[in-house]
Amino acid sequence: MTSVFPRTDRSLLGSWWWTVDRVLLTGIFLLLAMGVVIVFAASPPVAMLRFNDPYYFIFRHLVFAVPAALLIVGCSLLSPLGVLRFAKSLFVLGVVLMGLALLFGPEINGAHRWLRIGTLQLQPSEFARPALVVLVARVAASRPWPAATATSLALTGLVIGLLLLQPDLGMAAIVLATTGLQLFVAGLPWPIVGAVAGIGVGGAIAAYELFPHVAARVDAYLAPPAEFTQIERALRAVASGGLFGRGPGEGIVKYNLPDAHTDFVFAATAEEFGILACLSIAALFAAILLRGLWRAHEAVDRFCQIAAVGLTAQFGLQALVNMAVNLNLVPTKGMTLPFISYGGSSMLALGITTGCLLALTRTRARLEPRR
């Protein structure tokens, strides 16, 4: 089979084609395509209820899926130095916009996480997260561990502080866990890694004591109320789907769950397409996660390695939390399933995350040329 680009092609696209991980690239685009199909099946009822247009979310999902695909390819064309420069600008922009969201953003479900820019509703924290991963990787790879730890925790603390003010505790936990994992991979002393873990445990206890909605969710998880809850509807949907599902468009849960196309899309998928389809999605996420970690292990540059681990972990943790919530393994948390759930800014940020991951795991990628 003849390749689109011969091995002798030294153009930007030719060089990209022969150095990018095409297995990882294929897996990411498979998720993107599956998300279009699943949103098409799960979103019409809530779209009809809110906007009197059954295709509202489908159309918008496609509108965001196209630029997300372009971001995946575009970011994967960057050099490691280009990724770092891009991340610096994105981090500053994301932090500034998070502050503006707190001051001027609309309150939605008790949180100030979004900014309205024209007809676009933007969640700035989605863009700050991957940028933070890249910056922490740069710090951890280039400084001795005392300075690396202090600087990394300062950057992470800034983002977590803004997330707690919104509030968005689930995302704050993922940000802290990702930084802790990056510090571990960077080879920092065990007491430092343990201290980061301790911060996470202490933060979870404090969140339970300080935030009533967190306490309510944890209490409801440990001692479910008598009334019919969203998670019970999701579990019934998963159970009723069987191996092969009721069939596309035949599900019932999407009429009872307002978030069947976002937070509970995994349950809606189980009902309409069956447990085998859900296992396929989980297996695809696992394959992307393992492939990303393996490519990070093979990286020849320390910065690329630590950044790739962080981006892969952040992507995988978000998927794991969403699926765990749908199966009632953890308390409920409003978190989308990457590329599968309907989303606008989330979709674009995931395009940046996976595109940067592809760029940093290209063959012989280095932040600085070999001397």
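Quick note: the coordinates plus some simple rules give every number you see, no bench work behind them. Predicted model only: the values in this text are computed from it and were never measured. Note: ideal-geometry Cβ built from the backbone for every residue, glycine included; neighbour counts use all protein chains shown.
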Farthest toward positive dipole pole in the chain [+1 Lys/Arg, -1 Asp/Glu at C-beta], among 56, 150, 169: 150
Per principal axis, largest first, the Cα atoms of segment 150-288 extend in Å by 53, 37, 23
Largest first, please: the extent of the C-alpha atoms of segment 235-278 along each principal axis, to the nearest Å. 24, 16, 16
Under a point-charge model restricted to the Cβ atoms of Lys and Arg (+1) and Asp and Glu (-1), what is the dipole moment magnitude of segment 1-108 relative to its Cα centre, in debye to the nearest 20? 280
Which FRET efficiency, nearest 0.05, do residue 158 and residue 59 yield, Cβ-Cβ r, R0 41 Å? 0.65
List the chymotrypsin sites (Phe, Trp or Tyr not before Pro) within segment 103-161 that DSSP assigns to loop and that have no more than 16 neighbouring Cβ atoms inside 10 Å. none
Total charge dipole magnitude, the chain, about the Cα centre, Cβ charges on Lys, Arg, Asp, Glu only, Debye to nearest 20: 1360
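Quick one: if you take sqrt(5λ) for each eigenvalue of the C-alpha gyration tensor of the chain, what semi-axes come out, biggest first, whole angstrom?
Listed largest to smallest, the semi-axes of the chain are 33, 27, 19 Å.
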Candidates 282, 173, 216; GNM for the chain (alpha-carbon contacts under 10 Å) flags as most fluctuating 216
Residue 286 versus residue 221: modelled label distance in nm, points set 7 Å from Cα along the beta carbon direction: 2.2
Selection from 260, 132, 112 lying farthest towards where the dipole of segment 20-360 points positive, charges on Cβ: 132
State which helices in the chain qualify, where a helix is a whole DSSP H run, it must extend 20 Å or more along its own axis by its Cα atoms, and its mean Kyte-Doolittle hydropathy must be at least -0.5. 22-42, 56-76, 80-104, 125-142, 145-165, 169-185, 190-210, 275-298, 302-326, 345-360
Taking only DSSP H segments of four or more residues, each worth -39500 (n - 2.57), what value at 222 nm results for the chain once the sum is divided by all its residues, to the nearest 500 deg cm²/dmol? -23500 deg cm²/dmol
Calculated FRET efficiency, residue 240 and residue 147, Cβ-Cβ r, R0 51 Å, to nearest 0.05? 0.40
Separation between Cα centres of segment 240-318 and segment 147-194, rounded to whole Å: 24
